[in-house]
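One structure coming up, written as structure tokens, with questions to follow.
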Amino acid sequence: MLATATTQKNPYEVALENFDLAANALELEENIRAMIKYPERMLTVSIPVRMDSGRIVRFEGYRVQHSTQRGPAKGGIRYHPNVNIDEVKALATWMTWKCAVVNIPYGGGKGGVTCNPKELSLGELERLTRRYASAILPIIGPEKDIPAPDVYTTPQIMAWIMDTYSMNMGYPVTGVVTGKPIGLGGSLGRNEATARGCFYTTRGSMEHLGIPLAGARVVVQGFGNAGSIAATLFHEAGAKVIAVSDTQGCIFNDRGLEIPAVVKLKNETRTVAGFPAADRIRPDELLALKCEVLIPAALENAITEANAHAVRARVVAEAANGPVTPEADRIFDDMGIFLIPDILCNAGGVTVSYFEWVQDENHLFWEENDVNAKLEKIMVRSFQDVLKIHIDRQVNMRLAANMLGVRRVAEACRLRGLYP
Ligand code: NAD
């Protein structure tokens, strides 16, 4: 998480607060609230790993299934030193509403291991992954719960999970995880999907607000999978990406950064910090840059009541999960900043994960153009669905998206009834 201790907000409290706001706006009956608000299943596991030195170190991991009302649980696995059960519960909850917003037949789940993958060798990372996969194996599966990559987890890590699961089952099960390498049942277009979804929803917002894309100033916080590809897409579309950042530093050029060169440097040095044709700025300065679009694409709590007033963007596109706190939402409302909420903005990733699972289950694979066209259709439709609620009900985009997600899950819950 990004904020300091004084401003840090428990993400699970944020998730519950946002649920209550949506449920109240929908006038949802108490019985349904009781059935859909809280995680259905939470698993905490011990992960002993033999390090290269021969020493055995114990890590802690989690898998939370927030909802299986509309289909199997679905959501990524995060490897990060700050992973804790509340963060995983929050991320699992957001996945439930996210899958419902884009109307794909999944519930929500999330996993994580508290570790610093940057300090692990490849062998240690593989042993940790396989032991974690074994520990959560009883509750995952293509019809039960389907993990995917999240922060600091990769297609290779998904391949190890797929292999661990398959060896235990006795036959290959590609559909147990998504975000796999292409050579192992991965989908073309999955890697770029989150950023594409962010691009389509931002483009829709700009059209709605009458802001031209050509020449628009874009700022990206977090130059990882989601952020670097979003920067590339905006650059290719003729926007001017004026600043980007990662954990090592922030770079700024008011004439626009040459994004392909920044990507190349990031791939070579694992940071953007040394980019020559740019000035170094502080993280707080990056968030306060005057721009048309600000894309927080790192972690939770990047924008809180402590720094929201400084934001000078017209559109804030949440590529990350939970980067803007509820207090900051209210400040943005007062300032007239148009926010594209995470459960809509970054839903392209889970949408193409769904396509990957469909392809795996059917043993039939699609061309990249088909994947991208289907993704665009879903993202454009979902954006319009949320925008309509925003306009008709006069609520902000976060509440509109939560209302749509919660309403769809509530509908499934009502139809299924309460077992037994
Ligand atoms: P990633 O690990 O590829 O990239 C994260 C990037 O953020 C890294 O470059 C890191 O250096 C940077 N970062 C971390 N802390 C930072 C800080 N304090 N300031 C600036 N930069 C910082 O992860 P990702 O997959 O791109 O995920 C980023 C966010 O997007 C997460 O919130 C994740 O949950 C969300 N998301 C990702 C996907 C996906 O498909 N990858 C899908 C939906 C949501």
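The values are calculated or read from the model by the stated rules, or taken from the named source; none is laboratory data. All of these numbers come straight from a predicted model, not from anything done at the bench. Don't worry about glycine lacking a Cβ; one is built from the backbone with ideal geometry, like all the others, and counts go over all protein chains shown.
Please go through the stretch 217-245 and give me each residue that is of a type in the set (Gly, Ala, Ser) and outside any helix (DSSP H, G or I), ordered by number. Break it down stepwise before answering.
Filtering the stretch 217-245 down to residues of a type in the set (Gly, Ala, Ser) leaves 222, 224, 226-228, 230-231, 237-239, 243, 245.
Correct list: Gly222, Gly224, Ala237, Gly238, Ala239, Ala243, Ser245.
Suppose we filter Leu339, Leu418, Leu344, Leu375 for residues that are over 20 Å from Ala226 (Cα atoms) and among the aliphatic types (A, V, I, L, M); which single one remains?
Leu418
Which one of Ile295, Ile242, Ile251, Ile229 is in contact (Cβ under 8 Å) with a residue 24 or more places away in the chain, among the β-branched types (Val, Ile, Thr), out of contact with any strand residue (DSSP E or B) (no Cβ under 9 Å at 6 or more places or on another chain) and crowded, with 21+ Cβ neighbours inside 10 Å? Please lay out each step first, then the result.
On the way: Ile295 fails: out of contact with any strand residue (DSSP E or B) (no Cβ under 9 Å at 6 or more places or on another chain); Ile242 fails: out of contact with any strand residue (DSSP E or B) (no Cβ under 9 Å at 6 or more places or on another chain); Ile251 fails: out of contact with any strand residue (DSSP E or B) (no Cβ under 9 Å at 6 or more places or on another chain).
Testing whether each residue is in contact (Cβ under 8 Å) with a residue 24 or more places away in the chain, among the β-branched types (Val, Ile, Thr), out of contact with any strand residue (DSSP E or B) (no Cβ under 9 Å at 6 or more places or on another chain) and crowded, with 21+ Cβ neighbours inside 10 Å leaves just Ile229.
Out of the residues in the stretch 190-206 that are closer than 25 Å to Glu285 by Cα and either among the hydrophobic types (A, V, I, L, M, F, W, C) or part of a strand (DSSP E or B) (or both), which is farthest from the ligand (Cβ to nearest atom)?
Met206
Just need a number here: residues in the stretch 207-245 that are farther than 18 Å from Leu299 by Cα and either in contact with a His (Cβ under 7 Å, 6 or more places away or on another chain) or within 9 Å of the ligand (Cβ to nearest atom) (or both). Spell out the reasoning first.
First, pick out the residues of the stretch 207-245 that are farther than 18 Å from Leu299 by Cα: 207-218, 232-242.
Next, only the ones that are either in contact with a His (Cβ under 7 Å, 6 or more places away or on another chain) or within 9 Å of the ligand (Cβ to nearest atom) (or both) stay: 241.
Going through the stretch 207-245 one residue at a time, the tally reaches 1.
Tell me whether the stretch 315-325 contains one or more residues that are away from the ligand (no atom under 13 Å from the Cβ) and at pLDDT 95 or above.
Initial filter on the stretch 315-325 (away from the ligand (no atom under 13 Å from the Cβ)): 315-316, 325.
When the remaining residues are screened for being at pLDDT 95 or above, the result is 315-316.
Yes: one or more hits.
Regarding Ile303, is this residue within 13 Å of the ligand (Cβ to nearest atom) and free of Cβ contacts under 8 Å to residues at least 40 places away in the same chain? Lay out the reasoning, then the answer.
On the way: within 13 Å of the ligand (Cβ to nearest atom): yes; free of Cβ contacts under 8 Å to residues at least 40 places away in the same chain: yes.
The answer is yes for Ile303.
Then there is this: Yes or no: the stretch 141-158 includes at least one residue that is outside any strand (DSSP E or B), of a type in the set (Gly, Ala, Ser) and crowded, with 20+ Cβ neighbours inside 10 Å. Give the derivation first.
Just the residues of the stretch 141-158 that are outside any strand (DSSP E or B), to begin with: 142-144, 150-158.
Next, from what is left, pick out any that are of a type in the set (Gly, Ala, Ser): none.
Within the stretch 141-158, not a single residue is outside any strand (DSSP E or B), of a type in the set (Gly, Ala, Ser) and crowded, with 20+ Cβ neighbours inside 10 Å.
Here's something else I'd like to know. From the list Gly215, Gly204, Gly123, which residue is touching a residue at least 24 places away in the same chain (Cβ under 8 Å) and either touching a helix residue (DSSP H, G or I) at 6+ places or on another chain (Cβ under 8 Å) or acidic (Asp, Glu) (or both)?
On the way: Gly215 fails: either touching a helix residue (DSSP H, G or I) at 6+ places or on another chain (Cβ under 8 Å) or acidic (Asp, Glu) (or both); Gly123 fails: either touching a helix residue (DSSP H, G or I) at 6+ places or on another chain (Cβ under 8 Å) or acidic (Asp, Glu) (or both).
Going through Gly215, Gly204, Gly123 in turn, the sole match is Gly204.
Does Val64 satisfy the criteria of being over 20 Å from Glu40 (Cβ atoms) and either away from the ligand (no atom under 12 Å from the Cβ) or surrounded by 18 or more Cβ atoms within 10 Å (Cβ to Cβ) (or both)? Let's see the steps before the verdict.
Working: over 20 Å from Glu40 (Cβ atoms): no; either away from the ligand (no atom under 12 Å from the Cβ) or surrounded by 18 or more Cβ atoms within 10 Å (Cβ to Cβ) (or both): yes.
So Val64 does not fit the description; no.
Here is a further query. Would you mind stating whether Leu339 is within 12 Å of the ligand (Cβ to nearest atom), in the same structural domain as Phe234 (by TED's automatic domain parsing) and in contact (Cβ under 8 Å) with a residue 12 or more places away in the chain? Spell out the reasoning first.
Details: within 12 Å of the ligand (Cβ to nearest atom): no; in the same structural domain as Phe234 (by TED's automatic domain parsing): yes; in contact (Cβ under 8 Å) with a residue 12 or more places away in the chain: yes.
Judged against the criteria, Leu339 is not a match.
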